[in-house]
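What follows is one structure encoded as C-alpha coordinates, with my remarks underneath.
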Amino acid sequence: QVKPQLESKENRTYGIFTAIAYRTQVVAGTNYFVKVQVSDDDYVHLRIFESLPHENQGPRLDGFQTGKTRDDPLTYF
(Lines give C-alpha, C1' and ligand atoms only; values in the text may rest on other atoms or scores of the structure.)
Protein backbone atom coordinates (compact mmCIF):
# COMPACT_ATOMS: atom_id res chain seq x y z
CA GLN A 1 0.00 0.00 0.00
CA VAL A 2 2.95 2.40 0.44
CA LYS A 3 4.70 1.61 -2.85
CA PRO A 4 2.79 4.35 -4.75
CA GLN A 5 3.63 6.83 -1.97
CA LEU A 6 7.36 6.08 -2.30
CA GLU A 7 7.24 6.17 -6.09
CA SER A 8 5.54 9.56 -5.96
CA LYS A 9 8.12 11.01 -3.55
CA GLU A 10 11.05 9.53 -5.52
CA ASN A 11 9.48 10.32 -8.92
CA ARG A 12 10.31 6.83 -10.21
CA THR A 13 8.76 3.39 -10.43
CA TYR A 14 10.08 0.16 -8.98
CA GLY A 15 9.75 -3.13 -10.86
CA ILE A 16 10.90 -5.08 -7.80
CA PHE A 17 9.39 -4.17 -4.41
CA THR A 18 9.93 -7.03 -1.97
CA ALA A 19 10.00 -6.61 1.80
CA ILE A 20 12.78 -8.75 3.26
CA ALA A 21 12.89 -7.63 6.92
CA TYR A 22 10.94 -5.44 9.32
CA ARG A 23 10.86 -4.13 12.87
CA THR A 24 8.03 -2.50 14.78
CA GLN A 25 7.71 0.25 17.35
CA VAL A 26 4.44 0.72 19.23
CA VAL A 27 3.42 4.36 19.65
CA ALA A 28 -0.12 5.77 19.33
CA GLY A 29 -0.38 3.25 16.51
CA THR A 30 2.57 1.32 15.08
CA ASN A 31 5.73 2.37 13.28
CA TYR A 32 7.06 -0.25 10.89
CA PHE A 33 10.65 -0.11 9.70
CA VAL A 34 10.87 -2.20 6.54
CA LYS A 35 13.85 -3.17 4.37
CA VAL A 36 12.64 -3.43 0.78
CA GLN A 37 14.56 -4.82 -2.18
CA VAL A 38 13.98 -2.57 -5.22
CA SER A 39 16.54 -4.06 -7.64
CA ASP A 40 19.15 -6.83 -7.66
CA ASP A 41 21.56 -4.86 -5.45
CA ASP A 42 19.54 -1.83 -4.27
CA TYR A 43 17.43 -1.57 -1.13
CA VAL A 44 15.41 1.13 0.58
CA HIS A 45 14.42 1.41 4.22
CA LEU A 46 10.88 2.61 4.86
CA ARG A 47 9.26 4.01 7.99
CA ILE A 48 5.53 3.34 7.79
CA PHE A 49 3.01 4.53 10.35
CA GLU A 50 -0.24 2.66 10.89
CA SER A 51 -2.72 4.43 13.13
CA LEU A 52 -5.01 2.76 15.62
CA PRO A 53 -7.87 0.74 14.07
CA HIS A 54 -10.64 3.12 15.18
CA GLU A 55 -9.06 5.95 13.17
CA ASN A 56 -9.79 4.14 9.88
CA GLN A 57 -6.63 5.29 8.11
CA GLY A 58 -4.39 3.17 5.94
CA PRO A 59 -0.62 2.90 6.32
CA ARG A 60 1.31 6.12 5.70
CA LEU A 61 4.89 6.41 4.48
CA ASP A 62 6.55 8.67 7.06
CA GLY A 63 10.15 8.41 5.88
CA PHE A 64 12.55 6.52 3.70
CA GLN A 65 16.27 6.03 3.09
CA THR A 66 17.61 5.07 -0.32
CA GLY A 67 20.97 3.65 -1.37
CA LYS A 68 20.92 0.84 1.15
CA THR A 69 22.41 -2.64 0.79
CA ARG A 70 21.13 -6.03 1.92
CA ASP A 71 23.58 -5.95 4.85
CA ASP A 72 22.70 -2.46 6.17
CA PRO A 73 21.10 -2.75 9.61
CA LEU A 74 17.47 -1.74 9.91
CA THR A 75 17.42 0.97 12.59
CA TYR A 76 15.15 3.79 13.72
CA PHE A 77 15.29 6.93 11.57
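The values are calculated or read from the model by the stated rules, or taken from the named source; none is laboratory data. Please read all numbers here as calculations on a predicted model, not as lab measurements. Glycine gets a Cβ as well: all are built from the backbone with ideal geometry, and neighbour counts include every protein chain shown. Just the protein is used for accessible areas: all its heavy atoms, side chains included, with ligands, DNA and RNA removed. Shrake-Rupley method; radii C 1.70, N 1.55, O 1.52, S 1.80 Å.
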Exercise for the section: Enumerate the calculated ³J(HN,Hα) couplings along the range 23-40 in order (Karplus 6.51 cos²θ - 1.76 cosθ + 1.60, θ = phi - 60°), each rounded to whole Hz, writing x wherever the residue is Gly or Pro. Expected result: 9, 10, 9, 7, 10, 7, x, 9, 8, 10, 10, 10, 8, 10, 7, 10, 7, 3
Completion exercise
Once the in-chain neighbours fewer than 8 apart are removed, the aspartates and glutamates whose Cα is under 18 Å from residue 9 read 42, 62
Problem - Ranked packing of 10-22, 41-53, 57-69, most packed first, by mean Cβ within 10 Å - result: 41-53, 57-69, 10-22
Exercise for the section: Quick one: which residues, 5+ away or cross-chain, put their amide H under 5 Å from the amide H of residue 21? H built at 1.01 Å from N. Expected result: 35
Exercise for the section: With a 1.4 Å probe and every protein chain kept in, tell me what percent of the accessible surface of the chain is carbon plus sulfur. Expected result: 45
Fill in the blank from the handout: Result for the chain: accessible area per residue, probe 1.4 angstrom, in square angstrom, of 64
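Diagonalise the Cα gyration tensor of the chain and give the resulting equivalent ellipsoid semi-axes, square root of 5 times each eigenvalue, largest first, whole Å.
The equivalent ellipsoid of the chain has semi-axes of 22, 15, 9 Å.
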Exercise for the section: May I ask you to evaluate 6.51 cos²θ - 1.76 cosθ + 1.60, the Karplus curve with θ = phi - 60°, for each residue of the range 70-77 and list the ³J(HN,Hα) values in order in whole Hz, giving x for glycine and proline? Expected result: 4, 8, 5, x, 8, 10, 5, 8
